[in-house]
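The values are calculated or read from the model by the stated rules, or taken from the named source; none is laboratory data. Everything numeric in this text was worked out from a predicted model, so none of it was measured. Heads up, the Cβs are rebuilt from the backbone with ideal geometry, glycines too, and the neighbour counts pull from every protein chain shown. Note: areas computed on protein heavy atoms with side chains; ligands, DNA, RNA excluded. Shrake-Rupley method; radii C 1.70, N 1.55, O 1.52, S 1.80 Å.
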Amino acid sequence: MTIERIEMALLKLPYVRFFETSFGRKYDRTFIIVRVYEDGVCGFGEVVAEEAPLYGGETTEGAWHVLRTFLIPMVFKEKIAGPEDFYLKARRFRGNLMAKAGLELAFWDLKAKKAGVPLKTLYGGVREEIEAGVSCGIEDSLPDLAARVGTYLEEGYRRVKIKIKPGWDLAACAAVREKYPDILLQVDANGAYSLADMETLKKLDAFNLLLVEQPFPPYDLWDHSKLQKEMRTPLCLDESILSLDTARAAVEMGSCRIINIKVGRVGGAVEMRKIHDYCREHGVPVWCGGMLESGIGRAHNLHIATLPNFKLPHDLSASRRYYKEDLIDPFIELSGPGTIRVPDGPGIGVHPVEERIRRATLKSEVF
Ligand code: OSB
Ligand code: MG
């Protein structure tokens, strides 16, 4: 491969509705779209870093700096031949996993488009349809939360995740369970608790949850292992799992029984597959998390979720759950009750609409 051109754009898109987590309430998302060109074919990637370093340590402006100063010059100087080659050569730079993933994913899309196959074929995906799920933010009141869950169920979702934080946990679960005793339900704390909250967290066992996601901060693998021993409900790690090595440490320590894989968080699809394969060999199911991506990042996630050990419903919802004007044509929709059909065209299989990208662009740069 000889890459002719790389483009980066910083975009801002308003959410259809605010999204509140234990980090706070957000009304829009700022993110980077990366385009890689070869022989007139364009591969698209999305960098999932957010404006503020709350979920992880990276930021959009930091990722922009790392891409333009280190990763993109490396691609041209070292004649990067494809995604695996990029992965190996980019390892000399520490961290900055979201920046690396955005560019690596553009290489994957390009490679699949040039081969004329859907991206899932390169990954070894095994299904045409994936199990959708919806992530439900913190609301102003418990009745608002129950109503919001009801709306998503009417739209066809079968699995609901609710965000929790100290003071919005047991009562939130009770409010949802009272109205919907049988739905597939799970919770996500985004690291808002500590061992001092053990007694509250243990009470989550009463709500028949699929899993409890990331109760403690990212680096507290050991404390997660102590909590898991005390709980019947499986713990699932998100922020803590940054690589195959952290996944292996978490599984060996008993810090979780399920892993949420986000391709951006782990630095790209090569590392994603290593984690996937390790978990498969050790009987640890995984599922695909989301970062409220645009249709470009979400299409990438759909292909990833076709791998065999992606066994629980994902944080993958229809375009209209996130953005009024998603960047892609056609929009991603539920294809049946609680499922999404994976696009079967070449690469990610969806068409980013140039005009919509341009309208949302804050700045761009061509290399
Ligand atoms: O922790 O899973 C998370 C969104 C932004 C940052 C972190 C998380 C989330 C979500 C949304 O829960 C999942 C989605 O994209 O639907
Ligand atoms: Mg999470």
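Quick one: among Glu139, Glu293, Glu155, which has the greatest mean-square fluctuation in a GNM of the chain with alpha-carbon springs under 10 angstrom? Largest GNM mean-square fluctuation: Glu155. Each part reduced to its alpha carbon centroid, the range 334-367 and the range 1-69 end up 13 Å apart. Computed over the range 121-348, relative contact order equals 22 percent, with contacts defined as Cα pairs under 8 Å that lie 6+ residues apart. Provide, for q = 0.07, 0.10, 0.11 Å⁻¹, the log10 of I(q)/I(0) from a solvent-free Debye sum over equal Cα point scatterers in the chain. Per q value, in the given order, log10 I(q)/I(0) is -0.28, -0.58, -0.71. Using the structure shown, list the pairs from Lys161/Lys202; Lys12/Lys120; Lys26/Lys324; Lys100/Lys165; Lys79/Lys113 with a Cα-Cα distance above 23 Å, or answer none. In this structure, Lys12/Lys120; Lys100/Lys165 lie more than 23 Å apart at Cα.
Surface composition of the chain: carbon plus sulfur atoms hold 53% of the accessible area, using a 1.4 angstrom probe and ignoring ligands, DNA and RNA.
Ordering Tyr37, Leu221, Trp168 by the projection of their Cα atoms onto the charge dipole of the chain, which places +1 on the Cβ of Lys and Arg and -1 on the Cβ of Asp and Glu, puts Tyr37 at the extreme positive end.
Take Thr69, Thr21 and sort them by solvent-accessible surface of the protein heavy atoms, 1.4 Å probe, largest at the top.
Working: Thr69 55, Thr21 15 Å².
The most accessible residue leads, giving Thr69, Thr21.
Taking the Cα centre of the chain as reference, the dipole from Cβ charges on Lys and Arg (+1) and Asp and Glu (-1) amounts to some 380 debye. Listed values for the range 196-209 are Karplus-derived 3J(HN,Hα) couplings in whole Hz (6.51 cos²θ - 1.76 cosθ + 1.60, θ = phi - 60°), namely 4, 9, 3, 5, 4, 4, 4, 5, 5, 4, 6, 9, 6, 8, and x replaces Gly and Pro. Heavy-atom accessible surface of Thr200, to the nearest 10 Å², is about 50 Å², with a 1.4 Å probe and all protein chains retained. Rolling a 1.4 angstrom probe over the protein heavy atoms with all chains in place gives the range 121-348 an accessible area of 36 Å² per residue.
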